[in-house]
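Here the structure comes first, spelled out in structure tokens, and everything after it is commentary.
The values are calculated or read from the model by the stated rules, or taken from the named source; none is laboratory data. Just so it is clear, the structure is predicted and the values come from calculations on it, not from any experiment. Here Cβ is always computed from backbone atoms with ideal geometry, including for glycine, and neighbour counts include all displayed protein chains.
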Amino acid sequence: MVRNFPPEFVVRVDREACINCLRCVRECPFGVHEYDREKKLWKRHHEKCVACLRCAYMCPVQAISIERSPMEYAPHPVWTNRVRKDIKTQAETGAVILTAMGNELPYVSYFDRLVLDACQVTNPSIDPLREPMELRTYIGRKPEKVELEEDNGVRLKTKIAPNLKLETPIMFAHMSYGSISIEAHLSMARAAKEVGTYMGTGEGGMHVELYPYADHIITQVASGRFAVHEEYLKRGAAIEIKIGQGAKPGIGGHLPGKKVTEEISRTRMIPEGSDAISPAPHHDIYSIEDLARLIYALKEATRYKKPVFVKIAAVHNVAPIAVGIIRAGADAVVIDGFRAGTGAAPQVHRDHHGIPIEAAIASVDRRLREEGIRHWGSIIASGGIRSSADVAKAIALGADAVYIGTAALIALGCTVCKKCYTGKCAWGIATQDPELRKRLDPEEGARRAANLLRAWSHELKEILGALGLNSIESLRSNRDRLRGVGLTEPELRVLGVKPAGE
């Protein structure tokens, strides 16, 4: 029995245009195209196609097109094509269904149900081309008050906790070396340094080629503790403790041994070819007090010069968890929504666990304010941020800054084919295959990633101008500048937003 039947996609080739250059055979890492040189016959394995579009993009005569297969099972509202294929796959393999990228079920996108206010006559808008717009953002703990001393001048008396200075409130999310290539990491690291922001290492450590960009890199400490040593902690600009992630709340991670190459072995400090398994919990954290001990151990190891963040998945009790994290000494809480991407996750976790990032941001911001500790730490939002409008809405809901992951990969060439876990990424991003990695040029990748940040930053200034604001700080937690469209009363209450027209 063919596992992927009916196939999801069909490869169409214009035989009159095709010049038999075999470029498609060389470009496709999934073995879709096959040519019998003796018989001079082509065979297309449609069931292997993942719609990465690499063959169509690289075809010199544009003879290839990929279409969604018209063949499917008899229609049924409950037993859909996808449900039946999943059951057949598991009946054949007895295995968990793996997938990648973010939740693809048709849940409500609250960003799409929120609209931004705009100024008119009585509160005029601001022209961002003629007036200065401030996007600079500081991530970390803020003092209760600021005191100055006058002694032949003015100097700051209050001791300020370490903060990260961002020239734009957008950072590149944590994606580990192993799940993505060093070329992808270099692309984002160079872009982060060029634009004045930061990227995360993920839980796979910091490759030596990233050292020149370390002052724009946030190192991560996950449950597997891969590559965590004093030099690693001191090199980065900040440290992030990963408790959970939005694509798979409550479970750990797994990098298969076949992906643990010599370079990854050296970076992660594990044997080559061995599975890199991150357990679901940190085996030294079972309470907020345990978390506090780790936070201060990391601060002690870095002589209190680096801010420490804690990343959690957005779940139903995210607000009290975030309060505990901030009270435990974290300088920022990172909240990862249920639309967050991943290199590999059980499909059942990716599509059915967690809550929307929009609700989580609003709940955490409101709870921190109610307890009078909002200034103790920053809120960083991630998971499904697709545009500058999403960034603006996240900040209006209460975030200080956002992480982008999937959007950054798309800027590098990703087509979201959801096969990251196979290690066969046709674009050289989610792979360790040396031949496939050559397809991503770090210089070109850095240019494209930096361009994305610049474009979104420019649009953020336009949005601020339309709102009559001249700084991103004025938008933070300013939920009065948002209105809900087509949302129920409970949804509006959780988001803290009024309905459109009110």
Discussion item. Just checking, does the stretch 324-346 include any residue being free of Cβ contacts under 8 Å to residues at least 12 places away in the same chain and of a type outside the set (S, T, N, Q)?
Written reply: no
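Being aliphatic (A, V, I, L, M) and either surrounded by 24 or more Cβ atoms within 10 Å (Cβ to Cβ) or outside the structural domain of GLY372 (by TED's automatic domain parsing) (or both) is the filter here; which residues of the stretch 305-317 pass it? Write out each step before concluding.
Here is the first cut: in the stretch 305-317, the ones aliphatic (A, V, I, L, M) are 308, 310, 312-315.
Once the filter is applied, which keeps residues that are aliphatic (A, V, I, L, M) and either surrounded by 24 or more Cβ atoms within 10 Å (Cβ to Cβ) or outside the structural domain of GLY372 (by TED's automatic domain parsing) (or both), the stretch 305-317 yields VAL308, VAL310, ALA313, ALA314.
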Response to the item:
Filtering the stretch 322-357 for residues that are outside any strand (DSSP E or B) and either closer than 30 Å to CYS425 by Cβ or hydrophobic (A, V, I, L, M, F, W, C) (or both) leaves a count of 25
Response to the item:
SER378 passes all but one of the listed conditions (1) under 24 Å from ILE160 (Cα atoms); (2) out of contact with any Pro (no Cβ under 9 Å at 6 or more places or on another chain); the exception is number (2)
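Just to be sure before I move on: is PRO106 surrounded by fewer than 18 Cβ atoms within 10 Å (Cβ to Cβ), modelled with pLDDT of 85 or more and more than 21 Å from ILE404 (Cβ to Cβ) in the structure I sent? Write out each step before concluding.
On the way: surrounded by fewer than 18 Cβ atoms within 10 Å (Cβ to Cβ): yes; modelled with pLDDT of 85 or more: yes; more than 21 Å from ILE404 (Cβ to Cβ): yes.
Yes.
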Worksheet item: Has the stretch 388-395 got at least one residue that is at pLDDT 95 or above and surrounded by fewer than 22 Cβ atoms within 10 Å (Cβ to Cβ)?
Response: yes
Item to complete: Could you please let me know if LEU22 is surrounded by 11 or more Cβ atoms within 10 Å (Cβ to Cβ), in contact with a strand residue (DSSP E or B) (Cβ under 9 Å, 6 or more places away or on another chain) and within 19 Å of VAL416 (Cβ to Cβ)?
Response: no
Worksheet item: How do the strands (runs of 3 or more DSSP E) wholly within the stretch 146-257 filter down when requiring 1 or more residues that are of a type in the set (Ser, Thr, Tyr): which remain?
Response: 217-221
Worksheet item: Going through the stretch 206-237 one residue at a time, which ones are touching a residue at least 24 places away in the same chain (Cβ under 8 Å) and at positive phi?
Response: ALA227
Worksheet entry | Pairs, first in contact (Cβ under 8 Å) with a residue 40 or more places away in the chain and at negative phi in the stretch 350-367, second among the hydroxyl-bearing types (Ser, Thr, Tyr) and part of a helix (DSSP H, G or I), C-beta under 6 Å, six or more apart | PRO356/TYR110; GLU358/TYR110
Item to complete: Please identify the pairs in which a residue from the stretch 245-269 that is in contact (Cβ under 8 Å) with a residue 24 or more places away in the chain has its Cβ atom under 6 Å from the Cβ atom of a residue that is among the basic types (Lys, Arg), counting only partners at least 6 apart or on another chain.
Response: ALA247/ARG350
Discussion item. What's the number of the only condition in (1) surrounded by fewer than 24 Cβ atoms within 10 Å (Cβ to Cβ); (2) at pLDDT below 95; (3) not basic (Lys, Arg) that ASN451 fails to meet?
Written reply: (2)
